[in-house]
Amino acid sequence: MSDTMASLRRVHIFHRLNDHELVLIASLCKIWHICGNQVIFREGDDGEDLFIIQKGSVRISLNTRNPDGTLTPGIINMLYASQSFGEMVLLDGVTRSATVVSTEACTLLVIKAFDFGQLCDANPRIGYIVMHNLACDVAYKLRSSNLLLRGNIRWQQGELGRRSS
């Protein structure tokens, strides 16, 4: 339990939770040991788990459709120890928005969204803090995505790469 607690203390979405609250969350965690280059979930899969990387790293990718209809995966992020993924399941419980593959042997802490929801019903402070932290994280990712999209639109419109005469 002490390794799990130490890992949870470093995870952004659990920032500002006290030790008692982290113990409650730790009690929900299952530990997965996975090999390198293993698919954890695929874009479009149904989801019910939140994942926390205790050891190792994962690659996050999205599929883009080519003109011929084939799909090409594009890496959008790498995550390392003390980072989480699959958090969207806590917000909307729908399908996975990306594919996640381990890049090396990993130890993951896994929390079922249903179990976490029950914990939050019994302990609203935990739910409030985690949802606040998730909202901040989603806002950051949205801003970052908007910057990338804005740059892509400007590039497609020929604004980037023009030279002044």
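The values are calculated or read from the model by the stated rules, or taken from the named source; none is laboratory data. Source: prediction; values computed, not measured. Every residue, glycine among them, receives a Cβ derived from its backbone with ideal geometry; neighbour counts consider all protein chains shown.
Structural remarks
- Flag if Gly86 is surrounded by fewer than 11 Cβ atoms within 10 Å (Cβ to Cβ) and at positive phi: no
- Qualifying positions in the range 11-44 - within 21 Å of Cys120 (Cβ to Cβ) and either touching a Ser or Thr at 6+ places or on another chain (Cβ under 7 Å) or at pLDDT below 95 (or both): Val11, His12, Ile13, Ala26, Cys29
- When the residues of the range 37-67 are filtered to those that are surrounded by 13 or more Cβ atoms within 10 Å (Cβ to Cβ) and free of Cβ contacts under 8 Å to residues at least 40 places away in the same chain, the one that is farthest from the chain's Cα centre (by Cα) is Asn63.
- Against the test of being acidic (Asp, Glu) and farther than 25 Å from Asp92 by Cα, the options Asp45, Asp19 yield a single qualifying residue, Asp19.
- Of everything in the range 1-28 that is within 16 Å of the chain's Cα centre (by Cα) and of a type in the set (A, V, I, L, M, F, W, C), the residue that is surrounded by the fewest Cβ atoms within 10 Å (Cβ to Cβ) is Phe14.
- For Thr103, the test of being touching a Lys or Arg at 6+ places or on another chain (Cβ under 7 Å), hydroxyl-bearing (Ser, Thr, Tyr) and over 20 Å from Asp137 (Cβ atoms) is passed.
- Candidates Ala98, Ala105: the one that is more than 20 Å from Ile31 (Cβ to Cβ) and either in contact with a helix residue (DSSP H, G or I) (Cβ under 7 Å, 6 or more places away or on another chain) or in contact (Cβ under 8 Å) with a residue 12 or more places away in the chain (or both) is Ala98.
- Summed over the range 40-97, residues that are outside any loop (DSSP other than H, G, I, E, B), over 23 Å from Arg10 (Cβ atoms) and among the basic types (Lys, Arg) total 1.
- Residue, surrounded by the fewest Cβ atoms within 10 Å (Cβ to Cβ), within the range 98-121, restricted to residues that are part of a helix (DSSP H, G or I) and of a type in the set (A, V, I, L, M, F, W, C): Phe114
- Test result for Ala81, touching a Gly at 6+ places or on another chain (Cβ under 9 Å), in contact (Cβ under 8 Å) with a residue 60 or more places away in the chain and surrounded by fewer than 16 Cβ atoms within 10 Å (Cβ to Cβ): yes
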